[in-house]
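In what follows, a structure is listed as structure tokens, so that the remarks can point back to it.
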Amino acid sequence: MSDPLAHPDEPQRALTGDEAPLPALETPAAHALAPRAPSTLSAVRTLWILASALFVVLLGYLAFAVPASWFPSSPPLEWSARDMTMPRGTGAVVNNELVVTGTDAAGQVYIAVVTDLKARDYATITWHARNVPADAKVHFLWRSDYAPKKIFSIPVVVEAGRLQPVVLAKDPGWLGHVTGIGLAMRGNLQQQFAISGVAAKPSGAFSVLQDRAGEWLAFERWNGTSINAVTGGDDVQSLPLPLLLAASMAVALAAMWAWQRYRPATDAVNIATAIAVMFVTCWLVLDARWTWNLARQIQATAAQYGHKDWVAKHMAAEDAALFDFVQRARAEMPATPARIFIASEPDYFRERAAYHFYPHNVFAEPRRNELPPASSMKPGDWMLVFQRRGVQFDPAAGKLRWDGGEPVSAQLKLRVEGGALFLIQ
């Protein structure tokens, strides 16, 4: 094919395969109209967005959690167990704790503390207590110069054996100078509980965050459910850390989605990648807390059981009283295996006692607090009773009965506080 632009006197040349055509000219308009490839949000930007969302969630939480001023000037005030008096009930200070062992004749306990604080400067009162009965009726009491002849009262919530903080910022009686505070309890006190102190806090923003951080990082000791799960931190948390991280992820993802939807001309967000980055980050935060708790548990376990023989290790455990009782009971029993029935209300004690009695022929219901009828017993059988109601023994007649059933002849072989060993005759 001839070239129309060639000179008429110039010989014509055909294009060969070795000669490539000249590239087409590009115009500025072509650059402007070319689509721009979306860039993936970097991991660093994702973490910045997550941190910003965390900050926003914390601000929202503080808006509801701070009862009064965000930045108060008054310092916290604290009183120890030795500052407390006990006009009603029985108890004593043991190891810097006021241990309450019983109520008065009217079934009441009253603990009082002399104070001198300005009510409006302190929004929250916190009693540091443990093992408080769940069914106890507890009230916080106070007296002020605003109405010196009147005692004000507000209920206190009991949760997981502890007293929840009492928020008084909006209470109409929380005025003037508070000259005394107290704690009143009414109910059947079946177990003793302890109070180590009481604190009055302004509960500003930094104080609330400090309390939440203390709950997240509180030492969670191994317990009966640790083999299945470790919750992490305090037993009772106003704002659990997993919930805070999940809410922060949700806010961050919502912000990314909104930005991509309403600003399509900007860099696009790879939502799947962002979710993966934030999930792994939150997981590492929770795992770091778990690892820190495990390190402290290892240290506590070494201090509790290290350099001890097997008997001393059992005596250092939580069921030391049961172990000591079982060892004394085994000394009363014959060396050859015998039948023994375990009676105890807690499932744990029945199973642990059964373990300690092997290779004897042990009967212990693993999940039910039940004993076989008296007709199942025969002479030569044994019965161990530990922290179990419904068992009566008449030493004069030598008769043993349980749960209102028929009595059997028995001999008391060993008795300890909360337990007894019987030989069926």
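The values are calculated or read from the model by the stated rules, or taken from the named source; none is laboratory data. Quantities reported herein were computed from a predicted structural model and do not represent experimental measurements. Here the Cβ is made from the backbone with ideal geometry for all residues, glycine too, and neighbour counts use every protein chain on show. Heavy atoms of the whole protein, side chains included, go into the accessibility calculation; ligands, DNA and RNA do not. Shrake-Rupley method; radii C 1.70, N 1.55, O 1.52, S 1.80 Å.
Residues of the stretch 371-393 that are without any contact (Cβ under 8 Å) to a residue 24 or more places away in the chain and open to solvent by 70 Å² or more (accessible area, probe 1.4 Å): Q392 alone.
For the stretch 92-114, a residue qualifies if it is modelled with pLDDT of 90 or more, open to solvent by 40 Å² or more (accessible area, probe 1.4 Å) and within 15 Å of R186 (Cα to Cα), and exactly one does: Y110. Residues that are part of a strand (DSSP E or B) and over 20 Å from V114 (Cβ atoms) within the stretch 164-194 comprise V167, R186, F193, A194, listed in sequence order. Tallying residues that are of a type outside the set (G, A, S), open to solvent by 70 Å² or more (accessible area, probe 1.4 Å), more than 30 Å from P240 (Cα to Cα) and without any contact (Cβ under 8 Å) to a residue 12 or more places away in the chain within the stretch 309-342 yields 5. Tell me, which residue of the stretch 255-268 that is in a helix (DSSP H, G or I) and surrounded by 14 or more Cβ atoms within 10 Å (Cβ to Cβ) is modelled with the lowest pLDDT? Restricting to residues being in a helix (DSSP H, G or I) and surrounded by 14 or more Cβ atoms within 10 Å (Cβ to Cβ), the top hit is Q260.
Would you check which residues across the stretch 394-414 are of a type outside the set (A, V, I, L, M, F, W, C) and surrounded by 13 or more Cβ atoms within 10 Å (Cβ to Cβ) and list them? Within the stretch 394-414, G398, K399, R401, D403, G405, P407, S409, Q411, K413 meet the criteria. Applying the condition of being touching a Pro at 6+ places or on another chain (Cβ under 7 Å) and at negative phi to the stretch 194-211 and asking which residue is surrounded by the fewest Cβ atoms within 10 Å (Cβ to Cβ) yields A199. Residues being open to solvent by 70 Å² or more (accessible area, probe 1.4 Å), in contact with a Gly (Cβ under 6 Å, 6 or more places away or on another chain) and closer than 18 Å to A199 by Cα: count how many of those fall in the stretch 143-181. Qualifying residue count for the region: 1.
Scan the helices (runs of 4 or more DSSP H) fully inside the stretch 269-339 and keep the ones with 3 or more residues being closer than 30 Å to Q425 by Cβ. First the steps, then the outcome.
Working: elements: 271-305, 310-315, 320-332.
Counting at least 3 such residues, we get 320-332.
Can you confirm whether D121 is of a type outside the set (F, W, Y), open to solvent by 40 Å² or more (accessible area, probe 1.4 Å) and at pLDDT 90 or above? Here the answer is yes, as D121 does meet what is asked. Of all the listed residues (E370, E417, E406, E365), the sole one being under 23 Å from H314 (Cβ atoms) and either of a type in the set (D, E, K, R) or at pLDDT 95 or above (or both) is E417.
Consider G233 carefully, then state whether it is of a type in the set (G, A, S), touching a Phe, Trp or Tyr at 6+ places or on another chain (Cβ under 9 Å) and in a loop (DSSP other than H, G, I, E, B).
Yes: the conditions hold for G233.
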